[in-house]
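Take a look at the structure below.
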Amino acid sequence: MKVRIEPRDECLGDGICSDECPEVFEMDDDGLAKVITAEPGDDLREAVQSACDECPAEIIIIEE
Ligand code: SF4
């Protein structure tokens, strides 16, 4: 599984993804989310999917 945030400048900075899965998402100093683990293991699949589903900007992209 590969994860990215695109386009990142559309991030609303609400921190939902980093709350949902802090192993993969982190809020940057600029207030936007960034991916810190681009290829998370299967153990994080559910949390990453939740973050993707809950992202109000719909910018979290998961590729298998
Ligand atoms: S859930 Fe979406 S809008 Fe919210 S911080 Fe994460 S990437 Fe940004």
The number of residues in the stretch 26-41 that are in a loop (DSSP other than H, G, I, E, B), aliphatic (A, V, I, L, M) and in contact with a Gly (Cβ under 9 Å, 6 or more places away or on another chain) is 1
Quick count over the stretch 42-64, residues being in a loop (DSSP other than H, G, I, E, B) and in contact (Cβ under 8 Å) with a residue 60 or more places away in the chain, is 1
Reported set for the stretch 1-40 where residues are touching a residue at least 24 places away in the same chain (Cβ under 8 Å) and either among the charged types (D, E, K, R) or surrounded by fewer than 13 Cβ atoms within 10 Å (Cβ to Cβ) (or both) is Lys2, Arg4, Glu6, Pro7, Arg8, Glu10, Asp14, Glu20, Glu23, Lys34, Ala38, Glu39
Report yes if Asp43 is of a type outside the set (Phe, Trp, Tyr) and more than 11 Å from the ligand (Cβ to nearest atom), otherwise no. yes
Scanning the stretch 1-14 residue by residue, those under 9 Å from the mean Cα position of the chain (by Cα) and either on the phi > 0 side of the Ramachandran plot or more than 6 Å from the ligand (Cβ to nearest atom) (or both) turn out to be Val3, Arg4
Checked the stretch 6-25 for anything assigned to a loop (DSSP other than H, G, I, E, B) and closer than 19 Å to Arg45 by Cβ; matches are Cys21, Pro22, Glu23, Val24
Scanning the stretch 28-47 residue by residue, the ones that are aliphatic (A, V, I, L, M), under 10 Å from the mean Cα position of the chain (by Cα) and within 14 Å of Ile59 (Cβ to Cβ) total 2
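Since every read-out is calculated from the coordinates, none of them should be taken as a lab result. Worth saying up front: this structure is predicted, and the values here are computed from it rather than measured. Using ideal geometry, Cβ is built from the backbone for each residue, glycine included, and neighbour counts are taken over all protein chains shown.
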